[in-house]
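Engineer: First, the structure itself, so that you have it in front of you.
Where a number appears in this text, it was derived from the coordinates with a stated rule and is not lab data. Model, not experiment: these values are computed from the prediction. Because the Cβ atoms are built from the backbone with ideal geometry, glycine has one as well, and the counts that use them run over all protein chains shown.
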Amino acid sequence: MEKCINNSFKFPRVILASLSGISSLPFRRLNREAGCKFAFLEMISARSLSYSSKRTLEMMQSNSDDFPLGLQLLGEQSCYILKALEKLKDYKYDVLDFNAACPQKKITGHGKGAALLKNPKKLQNLLKGIVKVATVPVTVKLRLGWDNEKHAVDIAKHAQDAGISAVCIHGRTKTQGYRGSVNYSAIKKVKASLDIPVIASGDIWSAQLAKKMFDETNCDAITVARGVLGNPWIFNEIDEFLNTGKILPRPTIKEVSQTMRHHLGLCVDFYGEKIGTMKFRKFFIWYTSGFLKTKPLRLSVAGIKTKLQMLNLIDKFITFQSS
Ligand SMILES: Cc1cc2nc3c(=O)[nH]c(=O)nc-3n(C[C@H](O)[C@H](O)[C@H](O)COP(=O)(O)O)c2cc1C
């Protein structure tokens, strides 16, 4: 089942979410190799892009294998958003998402991200301006509301009326942050009230929870977020479970360590040895979480500075698990 958006773009059922500080090119590549069929870049500040900030352009690095690709913009002033869209004229991407969901104080304090949930009319006007000039389908990322879900349908309808192609909704409020469990019934109400596709987000930790999200909300697609960290196998697991009801076996230690080595290699190739190894540290922790006897290794990862040291730590992880 694929859902057509504006008759011009088909979202697959399972999407790699935008993950700030994480969704780099090597991360997207690793997940595409593991079965991901659509990936988002990490959130891009419209203001920084309008200035062609070096860091922002680095975050947007992509290549010819990195498709289909979604780009998510963050902002609250249409002048910067329009300038950012101008900068994107020659950039290759397939969907433009607008962030009205980020709960971080440094973002909402400036009226951006989830702060826009408090002003659906303003959000609608920003979206109208984006739809007018965008060259690709436009979507919006919402939460259920600021501190309760009472207005979720109203916010989503305001967004739909701006002429966007789909709504992605994280089934928590801004106040909840990432805590508590996802509110399936509130997502279901939003889905039932809209004519455009709804992409649901929240608590996709396993194939079974992915199916639960489809079953409980009737959503058209889902995004995988924290559930993919150290777990690129989740894409095939979800696909298999949705298609056949079968639960694939979890990867063996050998498969986990091979993927870790490959992921480390992708990071080092992309960022260089020092930064690539540093960026991989958090992934080491995610890959090894849930395994027994890993605490000393996880504690020592902060001191790892070279690719060789990291490879040795991965070897130790295998030895610990086999002993
Ligand atoms: C570290 C981290 C970074 C995130 N960055 C973004 C982002 O840039 N844009 C966005 O729309 N959502 C972002 N999210 C939210 C996720 O896309 C997702 O909606 C949320 O984590 C709920 O899904 P989950 O419970 O399956 O993790 C981020 C979440 C985390 C944990």
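Engineer: Highest GNM mean-square fluctuation, the chain, Cα pairs closer than 10 Å: which of Ala225, Ala114, Ala159?
Structural biologist: Judging by the Gaussian network model, the answer is Ala225.
Engineer: On to the next question. Using a basic spin-label model with each label point 7 Å from the Cα along Cα→Cβ, how many nm lie between Lys128 and Ile247?
Structural biologist: For the pair Lys128/Ile247, the computed spacing is 5.0 nm.
Engineer: If the elastic network links every pair of Cα atoms under 10 Å, which of Gly202, Gly177, Gly303 fluctuates the most in the Gaussian network model of the chain?
Structural biologist: Gly303
Engineer: Throw me the Rg/Rh for the chain, computed over C-alpha atoms with Kirkwood Rh, two decimals.
Structural biologist: 0.97
Engineer: Rounded, prolate or oblate: which fits segment 1-150, taking a ≥ b ≥ c as square roots of the Cα gyration tensor eigenvalues, rounded meaning a/c under 1.5, else prolate when a/b beats b/c?
Structural biologist: Cα axes put segment 1-150 in the rounded bin.
Engineer: Now for a separate question. For Lys246, go through the lysines and keep the ones whose alpha-carbon is under 19 Å away, minus same-chain ones fewer than eight residues off.
Structural biologist: Filter leaves Lys211, Lys212.
Engineer: Which residues' amide hydrogens lie under 5 Å from the amide hydrogen of Val14, considering only partners 5 or more residues apart or on another chain, with H built in the peptide plane?
Structural biologist: Placed amide hydrogens put Ile222 under 5 Å from Val14.
Engineer: Would you mind calculating the gained length between Glu255 and Asp161 on full extension (0.36 nm times residue separation, minus the Cα-Cα distance), in nm to one decimal?
Structural biologist: Values: separation 94, 0.36 × 94 = 33.84 nm, distance 4.70 nm.
Full extension of this stretch gives 29.1 nm more.
Engineer: Right, something else. Please give the contour-minus-distance gain from Asp65 to Ser52: 0.36 nm per residue of separation, less the Cα-Cα distance, rounded to one decimal in nm.
Structural biologist: 2.3 nm
Engineer: Under 16 Å Cα to Cα from Lys89, which aspartates and glutamates show up? Leave out anything in the same chain fewer than 8 places away.
Structural biologist: Result set, ordered by chain and number: Asp97.
Engineer: Please work out the Cα center distance from segment 63-140 to segment 209-264, rounded to the nearest Å.
Structural biologist: Taking the Cα centre of segment 209-264 as reference, the centre of segment 63-140 is 28 Å away.
Engineer: So, one more: Among the GluC sites (Glu not before Pro) in segment 1-106, which ones are in a DSSP loop with at most 15 other Cβ atoms within 10 Å of the Cβ? Mind listing them?
Structural biologist: Numbers: sites: Glu2, Glu33, Glu42, Glu58, Glu76, Glu86; in loops: Glu2, Glu42, Glu76.
Listed in order of number, the matching sites are Glu2.
Engineer: Between Leu82 and Phe270, what is 0.36 nm times their sequence separation minus the Cα-Cα distance? Round to one decimal in nm.
Structural biologist: On the way: separation 188, 0.36 × 188 = 67.68 nm, distance 3.03 nm.
Additional length available on full extension: 64.6 nm.
Engineer: Taking a 32 Å limit on the Cα-Cα distance, which of the listed pairs Lys92/Lys279; Lys54/Lys295; Lys105/Lys282 fall beyond it? Before the final figure, lay out each step's value.
Structural biologist: Details: Lys92/Lys279 26 Å; Lys54/Lys295 37 Å; Lys105/Lys282 23 Å.
Over 32 Å Cα-Cα: Lys54/Lys295.
Engineer: Between Lys212 and Arg179, what is the FRET efficiency for a Förster distance of 22 Å, r being their Cβ-Cβ separation, to the nearest 0.05?
Structural biologist: Computed FRET efficiency for Lys212 and Arg179: 0.70.
Engineer: Given the options Phe98, Phe280, Phe235, which has the most mean-square fluctuation in a GNM of the chain, springs set between C-alpha atoms less than 10 angstrom apart?
Structural biologist: Comparing Phe98, Phe280, Phe235 in the GNM, the peak value goes to Phe280.
Engineer: Right, next: Considering just Cα atoms, how many Å³ per residue does the convex hull of segment 272-317 enclose? Numbers along the way, then the final one.
Structural biologist: Values: hull volume 2.6 nm³, N = 46.
Each residue corresponds to 57 Å³ of Cα convex hull volume.
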